[in-house]
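A.B. asks: Let me give you the structure first, and then I'll get to my questions.
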Amino acid sequence: MAGNSQRRGRRTASKKGATKGSGGKGRRSLAGKGPTPPAEQRPGHAKQRAARARAKKAAAGRPAARRGGRGSSELVVGRNSVYEALRDGVPATTLYVQQYLDSDDRVRAALQLAGDRGDVHLMEAPRPELDRMTDGLNHQGLVLQVPPYEYAHPEDLLDAAAEDAADPLVVALDGVTDPRNLGAVVRSVAAFGGHGVVIPERRAAGMTAGAWKTSAGTAARTPVARATNLTRALEAYQKAGVMVVGLAADGDVELPELDLLDGPVCLVVGSEGKGLSRLVGETCDVRVRIPMPGGAESLNAGVAAGVVLYEAARRRA
């Protein structure tokens, strides 16, 4: 009997024995893995491949975002210039002030304006650093950082007119290199209900601090678009049903006789000295001249654009 019980004990021990632990792996394998994802989200599933193909096709057919590009950052230097830029609402990111600067009325006023705006950072810097930043210009202890201007695309101006349910009224500048003239045109466009200004990317004035100041704040609500090629931009306007009217001293039609200003129009203004370039002049549907009984040979771009824009606004009223 004793021998039999010992054999049963040995058999029992040999059956169970000492087994290795699972380390919890068995328990984790029994845990749920959550709901089954949709077929479109399962790697390698046919429906996922089909969904990716549809997305790729849609992306290929979607037009690229239109951009006119960005200008370059700019520094305004000197106490008067910095004060006037802040007073006139020129966009700015940082006002650099020289360490241990002797304060005067202009410095205090500039600091007050920058503080009141709330979006201009004040930074103190040693004079050698400001000298380096300004390339040795006479900064008088004040330097204002102006951010790059965000240009619109020429077609954006037509979209703005469509949103207003109005015929487009746009001004394009050909060879105008003075930022003050650009600012004056922006101001006139805003005053007479225009939808924006188009400038070429090269050999033309851009939206600098000087242009902002001359626009008297209207640049904040009047878009300026930049075209890689002005002639092609004008041709695109023509395809969209916009009449391109060039201003020229030797134009075929006098302004009072022009009967196109109450419809979709792009007015093209050339430089005071050279007028319209050859290709731009040939692209225009009609060239118009402003009668000048006083005998002046030409008007600067800002004045010429203002005269024609006033006439267009009068006819559209």
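A.B. asks: Inside segment 227-261, can you point out the residues that are surrounded by 15 or more Cβ atoms within 10 Å (Cβ to Cβ) and touching a Lys or Arg at 6+ places or on another chain (Cβ under 9 Å)?
C.D. replies: 245, 246, 247, 248, 249, 251, 255, 261, listed by residue number.
A.B. asks: Return the only residue of 162, 204, 209, 220 being over 27 Å from residue 317 (Cα atoms), open to solvent by 30 Å² or more (accessible area, probe 1.4 Å) and among the aliphatic types (A, V, I, L, M).
C.D. replies: Answer to the selection: 204.
A.B. asks: Residue by residue through segment 69-100, note down the ones that are at pLDDT below 90 and on the phi < 0 side of the Ramachandran plot.
C.D. replies: Passing the criteria: 70, 71, 72, 73, 88.
A.B. asks: Output the number of the condition that residue 278 fails; it satisfies all remaining conditions of (1) in contact (Cβ under 8 Å) with a residue 12 or more places away in the chain; (2) over 30 Å from residue 147 (Cα atoms); (3) among the charged types (D, E, K, R).
C.D. replies: (1)
A.B. asks: Within segment 265-288, which residues are farther than 20 Å from residue 240 by Cβ, surrounded by 16 or more Cβ atoms within 10 Å (Cβ to Cβ) and out of contact with any helix residue (DSSP H, G or I) (no Cβ under 6 Å at 6 or more places or on another chain)?
C.D. replies: Once the filter is applied, which keeps residues that are farther than 20 Å from residue 240 by Cβ, surrounded by 16 or more Cβ atoms within 10 Å (Cβ to Cβ) and out of contact with any helix residue (DSSP H, G or I) (no Cβ under 6 Å at 6 or more places or on another chain), segment 265-288 yields 270, 271, 272, 275, 276, 277, 281, 287.
A.B. asks: If you check residue 193 against the conditions, is it within 19 Å of residue 265 (Cβ to Cβ), touching a strand residue (DSSP E or B) at 6+ places or on another chain (Cβ under 7 Å) and either loosely packed, with under 15 Cβ neighbours inside 10 Å or among the acidic types (Asp, Glu) (or both)?
C.D. replies: Details: within 19 Å of residue 265 (Cβ to Cβ): yes; touching a strand residue (DSSP E or B) at 6+ places or on another chain (Cβ under 7 Å): yes; either loosely packed, with under 15 Cβ neighbours inside 10 Å or among the acidic types (Asp, Glu) (or both): yes.
Yes; evaluated as a whole, the condition is true for this residue.
A.B. asks: Let me ask something else about it. Taking strands (runs of 3 or more DSSP E) that do not extend beyond segment 207-317, which have at least 2 residues that are under 23 Å from the mean Cα position of the chain (by Cα)?
C.D. replies: 224-227, 265-270
A.B. asks: I need a count of the residues in segment 85-105 that are of a type in the set (D, E, K, R) and over 34 Å from the mean Cα position of the chain (by Cα).
C.D. replies: 3
A.B. asks: Scan segment 85-100 for residues that are crowded, with 17+ Cβ neighbours inside 10 Å and in a helix (DSSP H, G or I) and jot them down.
C.D. replies: Within segment 85-100, 85, 86 qualify.
A.B. asks: On to the next question. Residue 110 is checked against (1) without any contact (Cβ under 8 Å) to a residue 40 or more places away in the chain; (2) surrounded by fewer than 16 Cβ atoms within 10 Å (Cβ to Cβ); (3) closer than 23 Å to residue 217 by Cβ and fails just one. What number does that condition carry?
C.D. replies: Failing condition for residue 110: (2).
A.B. asks: Okay, next question. How about segment 132-155: which of its residues are open to solvent by 50 Å² or more (accessible area, probe 1.4 Å) and either touching a strand residue (DSSP E or B) at 6+ places or on another chain (Cβ under 8 Å) or of a type outside the set (Gly, Ala, Ser) (or both)?
C.D. replies: Answer for segment 132-155, where residues must be open to solvent by 50 Å² or more (accessible area, probe 1.4 Å) and either touching a strand residue (DSSP E or B) at 6+ places or on another chain (Cβ under 8 Å) or of a type outside the set (Gly, Ala, Ser) (or both): 132, 135, 137, 138, 140, 150, 155.
The values are calculated or read from the model by the stated rules, or taken from the named source; none is laboratory data. Please read all numbers here as calculations on a predicted model, not as lab measurements. Here Cβ is always computed from backbone atoms with ideal geometry, including for glycine, and neighbour counts include all displayed protein chains. To get the accessible areas, we keep the full protein, side chains included, count just its heavy atoms, and leave off ligands, DNA and RNA. Shrake-Rupley method; radii C 1.70, N 1.55, O 1.52, S 1.80 Å.
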